[in-house]
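Each value in this text was obtained by applying a stated rule to the coordinates, not by laboratory testing. Remember, it's a predicted structure, so these values are computed and weren't measured experimentally.
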Amino acid sequence: MRKSLSALAVSASLAAVATVAGVVAVPSIALAQDSVQALANAIAAAAQTAASEAAAAGLTPDQAAEAVEAAIQAVILSSGAAPATVTAALSAAQSSLQASGSLTPAISSAISSTSAAVNAGTSGPAAGGGAGGAGGAPTGGAPLGSGGSAGGGGGGGSDYRPNT
């Protein structure tokens, strides 16, 4: 009798753990989607504000795209989001802005450039640098769109002798 009660208690405990684990997994997926949408909303708002300010200042289309790109990158950097989240948020922001009729050429260019820089940073080092722009990668490393080393290389060990 005691063995069957113990077995029943163990199986009830396992069922409770499985139920809790299932409940925990659903909110984590929802949180990931919420973080993408929140970042997409912040990117869209920053892009629209920067585009409006650039237009009011009479900037050229290239200058406006650079201003929008800087605003987008500032939002991304302050979010601390992972590259996959950033990529999804950029895509969602672009879709949202396009659906609302707010996607200007400057915003489209800035989103494309930023997305290319993020993707270049996640797929390994790019030969000759990225897509250009200011700011830094959300998870460390070289700034978004930065080129290669301007210094010409690193040092050597204690036995290093340069060719002179």
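Any residue at all in segment 49-58 that is more than 15 Å from the chain's Cα centre (by Cα) and not in a helix (DSSP H, G or I)? Yes. Candidates in segment 93-114 are the residues that are in a loop (DSSP other than H, G, I, E, B) and not hydroxyl-bearing (Ser, Thr, Tyr); of these, the one that is farthest from residue 51 (Cα to Cα) is 101.
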